[in-house]
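The values are calculated or read from the model by the stated rules, or taken from the named source; none is laboratory data. Keep in mind that what you see is a predicted model, and the values were worked out from it rather than measured. Note that we place each Cβ from the backbone using ideal geometry, even for glycine, and neighbour counts take in every protein chain shown. When the accessible area is computed, the model is the full protein with side chains, heavy atoms only, and any ligands, DNA or RNA have been set aside. Shrake-Rupley method; radii C 1.70, N 1.55, O 1.52, S 1.80 Å.
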Amino acid sequence: MRLKRREFLLFLGASLSTASLNSCENKNLSLDPKSSLKSPKTPLSFKPIKGPMPLATDVVETQVGQFIPVRTASASNQQIQAYKTYEVVDDLVLPEGFTYDLIAAWGDPVGDSRFGYNNDYLSFIETNQNEGYLTINFEYISSATWVQTYEKVIGKSLPIQTIEAALKAEKKPRINAFALPANNSVRQAIREVSQQGLTDMGMGVISIRRNGEGQWERTYSAEDRRITGISGWIDGRYLKSTGPAVAVFRKKGKGYTDGLGDRIIGTFGNCAGGTTPWGTVFSAEENIQTHVPEDVYPDGTCVNPSENPFSGNLSGLGNVFGLAGNKYGWMVEVDPANANDYGTKHTWLGRYRHEAVGIRVEAGKPLAFYSGCDRRGGHVYKYVSRESVQDPQDQQNSRLLEQGMLYAAKFNADGTGRWIPLKADTRVNPDLPSVHVGGIICLPKRPAGGAMIAAKDEEAIAFQRQYQTLADLYEGDTPDEIQGAILIDAHLAASAAGATCTARPEDTDIAPDGSLFIAFTSGSPDDQTGGPDQQVFQGPTVETPYEYGWIMRLSEQGNQPDAKTFQWQMFATGGEVADGGSGFANPDNLAFDGKGNIWMVTDMSTSKHNQPVPSGRVDEKGQPLSQSNLLGVYGNNSVWFLPTSGENAGNAYLFAMGPMECEMTGPFFSPDQQTLFLSAQHPGEANGIRQKMATQERQFALRTTEGEEFIQTRRVPIGSNWPLKTPNSPPLPGVIAIRHLNSKQIV
């Protein structure tokens, strides 16, 4: 049974009780694109911008200043005329009446270092009216564009030619610099490039204020500082660690140890994050496998750094420094107001490719942290503290992260689910490969360590028969060492325990009513990490794989943070309107405004931006294009507004389009709701500097919201000059503040 629009909206407005959820047979409640959209009772606070393709939420302005959907009998003809040409702009495109301030960009001074590259999550903590600390994640470097622009921006050259000559001489794509003598010239060149690359990752704290004209500007306080990928290597600013994995860090085991015990060199791969009521910021380490080995032995110790050598594409940056891989892939807590705080990694929160931090803090209840593992086939996790919160604003709440339990989510196809504890006596019960899109599942490889790929159901069944509990898969001399090994290998442990493989969970955010919203970016599989459960992650017409993603709403049983069971429902589904989608592709970071609406940014792969789509949407052999090869119709990455209540709940309104080849990340509202802070990550990632304002005309086979195909001619800039926007200027990742020209609230 497919819910009618009115029933769906009533469902969203009600509490997510077990009874109401179990009455719904279809868990993918996408809005019908052909349903009649009514004028909102409360008009939008902005006129949605025109994107590259027709949307069901395209609007016209009435004489009284309301914005209402365009829904007439001749909608297709109107859309064809309106969208037959389109020009992509190398800038942040905002609705009328809005502007933005550039607060900081790559290379700007921060403390004794510099503003890093590819800024992601943002957190603004107000210290006084109109001023506070902005904490920024720096996720990774876009190697080709970073190298192309490094000397122009930083003012010094890199020894790239020395490294290229060595790679050519070795006739290999990678060099194990860790094994070279300290005085070797190639090692020294690799160390310099690696040091600069890791310096541009990590976290940063900058102090800012809003001036009398309403613009945000930096104030350069004593608290401004960088926490880089090599903090501690030279300066002694090591990161700290808590929880059971510390017992593994301190011991000598089967694998490599760096000799630093519970001290940790740096943080990198910093993607999503979260902010606590007690004034600290959490940063999620995501794709650490790019620079250090991810595999570990059954005792939690890591493989040798030589297993991830330095590469000409600037991966393996941790190799030359001998970084221990099991110390990365955690969540890092930082107090921006404490100039001496360089971060603490809380190991009870698990080690995996974190890209989400949802924090639920309620007096008298346990602390709950939600996160997702951003890999194809990754899991959703929840940590629950042993003790309860007394005062949500007390900084002592950080200690609640030192004793508790990490759980992984099991999603059932009927809209129910449960949390599986990742502890020694949890039963081994993996899902079968045949359940997954792509037909594989990754499991712990024993006794060798690392991962094995099970591609046949018989292999997973044999695995289950061989190992009874997680204690049979992980080793240690003490309970803490065994628990630490499980947490260090959380992804594979969760797979072994039967947690559901999902569709790249890139954000988890807590709604005002306590429910959890999860952005699942893509349902496509990977031949090394697998794909999602095809019974749960389906497109509007039950198709799998489904590339375009979903936003899920999860409600804990009884609305309790420590509940062991939950209910789930798809709140919005990506894809084209004609196919039952909401008009966006690949949802990523989420943020709630003060009225409980969702603001969402997209994460389409840079290589797919504005790629032409031929007539008939078929390839050279006449075969239908894959969903991935249709992503070009969506243009640049974008920012969307989705009401969570009222007549238009679940509809997606286009608020902004990002500059060329970038990703808009880390949305965060100021407490007064007058500013939306955003990061512009990796502009010019595919083509680098836009030379002489270069532009191409490309053809796209678009469809109206009713499904009628037509051809659009689109002008596309090649590369980027953002944010300077002058000819031939280098593209710079940067942080911006969006605001109304008249300084009123955004919503």
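Quick check: pseudo-label points 7 Å beyond the Cα along Cα→Cβ at Thr99 and Asn304, how many nm apart are they? Inter-label distance under the simple model: 6.0 nm. From the alpha carbon centroid of the stretch 508-522 to that of the stretch 468-496 is 28 Å. Here the 3J(HN,Hα) profile of the stretch 198-209, calculated from phi with Karplus coefficients 6.51, -1.76 and 1.60 at θ = phi - 60°, is 6, 5, 7, 10, x, 9, x, 10, 10, 8, 9, 8 Hz, Gly and Pro shown as x. Quick one: check the C-alpha center-to-center distance for the stretch 648-714 versus the stretch 539-569, whole angstrom. The distance from the Cα centre of the stretch 648-714 to that of the stretch 539-569 comes to 27 Å. Expressed in Å, the radius of gyration and Dmax of the Cα atoms of the chain are 24.8, 75. Our summary of shape: the Cα atoms of the stretch 223-309 have principal axis extents of 40, 27, 26 Å, ordered from largest down, in whole angstrom.
Remark: the chain carries 36 Å² of accessible area per residue (probe radius 1.4 Å; ligands, DNA and RNA excluded). As an equivalent ellipsoid, the stretch 361-507 spans semi-axes of 29, 19, 12 angstrom, where each value is the square root of five times an eigenvalue of the C-alpha gyration tensor, largest first. What part of the accessible area of the chain, given as a whole %, is carbon or sulfur when the probe is 1.4 angstrom? Its accessible area is 47 percent carbon and sulfur atoms. Helical runs (DSSP H, four residues minimum) scored at -39500 (n - 2.57) apiece and divided by the length of the chain put the mean residue ellipticity at 222 nm at -3500 deg cm²/dmol. Between Ile711 and Thr127, the C-beta separation translates, for a Förster distance of 56 Å, into a calculated FRET efficiency of about 0.55.
Summary value for the chain: 16 percent relative contact order, contacts being C-alpha pairs under 8 angstrom separated by 6+ residues. Inter-part distance, the stretch 256-302 to the stretch 572-607, computed on C-alpha centroids, equals 28 Å. For the stretch 598-747, the alpha carbon positions stretch 55, 45, 22 Å along the principal axes, listed from largest to smallest.
Under 11 Å from a label point set 7 Å out along the Cα-to-Cβ vector of Asn184, the amide N atoms of the stretch 157-176 belong to 175-176.
Subtracting the Cα-Cα distance of Ala169 and Gln745 from their residue separation scaled by 0.36 nm leaves 201.4 nm.
Net charge of the neighbourhood of Ile227, taken over other residues with C-beta under 15 Å away and scored Lys/Arg +1, Asp/Glu -1, is -3.
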